[in-house]
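Each remark here refers to the structure printed beneath this line.
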Amino acid sequence: MQNLPIIILAVVFVAAFLAPWLHRRMGDRCGLLLSLVPLAATAVYASMVPGVAAGQPVVWQHAWAPALGIGLDFRVDGLSLLFLLLISMIGTYVAWYAAGYLAGKKDLGKFYLYLFGFMGSMLGVVSADHLVLLFIFWELTSISSYLLIGYYHNEAKSRAAALQALLVTGAGGLCMLAGIILLGRAAGTFRISELLAMDPAVLVAQPGFATILVLILLGAFTKSAQFPFHFWLPNAMEAPAPVSAYLHSATMVKAGVFLLARLHPLLAASPLWVPIVAPVGALTMMTGVFLALGQNDLKKILAYTTVAVLGTLTMLLGIGTELAVKAALAYLLAHALYKAALFMTSGTVDHETGTRDPDHLGGLRRAMPFTATAALLGALSMAGLPFLLGFVSKEYFYKALLDADGPGVLWEVLGVTASICMVALALTAGIKPFWGRLKHTPKPPHEAPWTMWLGPVLLGIGSIKLGLLPGVAAAFIVGPAAAAVL
């Protein structure tokens, strides 16, 4: 069991390098074969849930460069496991989806190389137990996302969006590296589990801790598109729909949120934590929803709502109470499920009708029943309707704001306002294209191949199951993750 995290990581990277060769021999079917890797990883991670929930993390350590104090240290606790499950499970569905969405593309093998490299990099980020190792995987996510966002490299917009994402997140990563080095030197260790076992008051009392905090926050804020660095994420929608679905739900943009959660016991001890992190998150949340309201493109609407949710998660972690942390993790789980589904269904609509403009779409449910079902479930969860996980997560969100210290009324007003906007945006992105009268579209609409609708439908079913049985999520997923953060 202890060796499994590193074995899975190695297999994912091997699959990435084999992808072009497999595509040359199997054609478009190679994606279905490759999807067995994250599917098996999901099953392995799921088998770890009982032990991790009981407080028994999976630890693997190897002396990589002992003279430099750098080791291949991995640790799977509740927080890591939440992300590992999302990355591998949604990665499976994205691999299926890409097999249909990008069918016939001559460079599909390269796409899977980039995709599985991206997947492996994210698995490394969330399971690393060493700050230097985490940084290496962190930068690998920036490089692989650059290749994915710029997949349509013949188009100037794709190249510009990829370069912008790389520059913004890369610059933030360099700031984070400086913060990591200063933190490791101040603490005498770079191992994350050892850092979190220390008395945070001792480190916070050091004269340079404010600089460490700001540098690490810059890395997290740029990666998770916090204001004023939010602009790169909506521009990254130039990527193919499978990339957008993965990027916005379970991978790179959540890395910054993961870092805030992982180092929360240490960084939140600083008196600067709440005054910086909570307002930045709130400002990002409101910026995202208001910019989303002015869009007439399904992917742009979903991209700006991702910015809003990332701001929400950051605000909750900034507030930092036990309830706020639990709310953030429940919201993160709900968002990953519905956002992956909605990005895939919006990509399917564009693929089958030739347009993503919601004003030119309507009545598609008869021609695309499975896609419509997945979009409906995703939209209802996004809107926070009862019996779906989105409802439970938003109730936690409201409760956390009511119990927050400081400008409690302000948090409540902002949270409710953002939620009202999210309901309207959910109706526009997930329901409007499929209901009402059928409108003329550039291409006659029809249902997509099963590879493009099965994943979103399963994600919708997952939202229902966890919404009806929130105690299961609390006991085995969100609860252990919150315990690891707190």
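Some points to look at:
- Unique match (being open to solvent by less than 40 Å² (accessible area, probe 1.4 Å), touching a helix residue (DSSP H, G or I) at 6+ places or on another chain (Cβ under 6 Å) and not hydroxyl-bearing (Ser, Thr, Tyr)) among Leu333, Leu401: Leu401
- Filter pass, Ala236 being at pLDDT below 95 and at positive phi: no
Results for (1) under 23 Å from Ile192 (Cα atoms); (2) modelled with pLDDT of 95 or more, shown as yes or no for each residue.
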| site | (1), (2) |
| --- | --- |
| Pro57 | yes, no |
| Leu72 | yes, no |
| Gly104 | no, no |
| Leu108 | no, no |
| Leu113 | no, yes |
| Phe118 | yes, yes |
| Met122 | yes, yes |
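- For the range 152-176, a residue qualifies if it is under 21 Å from Asp73 (Cβ atoms) and either open to solvent by 50 Å² or more (accessible area, probe 1.4 Å) or in contact with an Asp or Glu (Cβ under 6 Å, 6 or more places away or on another chain) (or both), and exactly one does: Gly173.
- Selection from the range 122-151 of residues that are open to solvent by 60 Å² or more (accessible area, probe 1.4 Å) and more than 19 Å from the chain's Cα centre (by Cα): none
- Checking Ala367, Ala424, Ala379 one by one, the residue that is under 30 Å from Glu447 (Cα atoms) and buried (at least 19 other Cβ atoms within 10 Å of the Cβ) is Ala379 and no other.
- Subset of the range 429-476 that is aliphatic (A, V, I, L, M) and open to solvent by less than 40 Å² (accessible area, probe 1.4 Å) - its residue that is nearest to Lys300 (Cα to Cα): Ala429
- Helices (runs of 4 or more DSSP H) enclosed by the range 191-292 - at least 2 residues per element that are small (Gly, Ala, Ser) and either open to solvent by 10 Å² or more (accessible area, probe 1.4 Å) or without any contact (Cβ under 8 Å) to a residue 12 or more places away in the chain (or both): 192-197
- Among (1) in contact (Cβ under 8 Å) with a residue 12 or more places away in the chain; (2) surrounded by fewer than 23 Cβ atoms within 10 Å (Cβ to Cβ); (3) not in a loop (DSSP other than H, G, I, E, B) - the single one Asn296 does not satisfy: (3)
- Where a residue in the range 46-60 is touching a residue at least 40 places away in the same chain (Cβ under 8 Å) and its partner, wherever it lies, is assigned to a loop (DSSP other than H, G, I, E, B) and open to solvent by 60 Å² or more (accessible area, probe 1.4 Å), with Cβ under 8 Å and at least six apart: Met48/Met1; Gly51/Met1; Val58/Met1; Val58/Gln2; Val59/Gln2; Trp60/Gln2; Trp60/Asn3
- Of the residues making up the range 104-140, those that are of a type in the set (Val, Ile, Thr) and closer than 19 Å to Leu182 by Cα number 2.
The values are calculated or read from the model by the stated rules, or taken from the named source; none is laboratory data. What you see is a predicted model; the values in this text were computed from it and never measured. Here the Cβ is made from the backbone with ideal geometry for all residues, glycine too, and neighbour counts use every protein chain on show. All accessible areas refer to the heavy atoms of the entire protein, side chains included, with ligands and DNA or RNA removed. Shrake-Rupley method; radii C 1.70, N 1.55, O 1.52, S 1.80 Å.
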